[in-house]
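Trainee: Shown below is the structure under consideration.
What follows is calculated from the coordinates using simple rules that are stated; it is not laboratory data. Not measured: the values here are computed from a predicted model. Reconstructed Cβ throughout: ideal geometry from the backbone, glycine too, with neighbour counts over all protein chains shown.
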């Protein structure tokens, strides 16, 4: 992984094959458009913007967290991918396939620009060290606590996975898909509501949703548009087209029909 010979967030042991033994690879969770936009409002900012950018661009979360404002070209409607957060540190991407300029959808660009302006307004309103750190940093997503990039794992654990569980109704409190569980006690500091254990159990595969789910889903959405495999490989920035076809080739059932 350090030398980018293996995809980030992949277990290297998945590539080990023992002769004579059939190993079935676990199928990734793929979200429909409706499912993604059902859970997106449940994720607070700035994590919501991270998830939207990851889903609509196919970026790895390490690349999303490493984006800087100068990387976003709003006039050209493109963004430059040149670095990633590796082992907690910002580093340049090491392969020619990962480093690339990607197109930026006009609607996504408008949402992203509004996000940047709102973040800067909020930082100015604070008029403290935290606010100054947000404004002065070139990072697109800067932690007000450290003035540096965020870490992906806590965000996935605290917000992405619980939001995925909300794709099913809660057997305990009756909360429907797209809303948090209902509780009888106030939630301190405006934090998200806890999920009942019964809902975690009912969520099944949706309880394992993570950052890489967005990348797999992006690839499946490309399939639905009829994008040629060569174009998909370029957008996914895979060195080998076989990676695009085999690892990420899990189209939605509606598209197969």
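Trainee: Using a 10 Å cut-off around each Cβ, can you sort 63, 101 from fewest to most neighbouring Cβ atoms?
Mentor: Least to most surrounded, the residues fall as 101, 63.
Trainee: Using mean Cβ contacts within 10 Å as the protection proxy, how do 143-153, 51-61, 216-226 order, highest first?
Mentor: My ranking of the peptides, most packed first, is 51-61, 216-226, 143-153.
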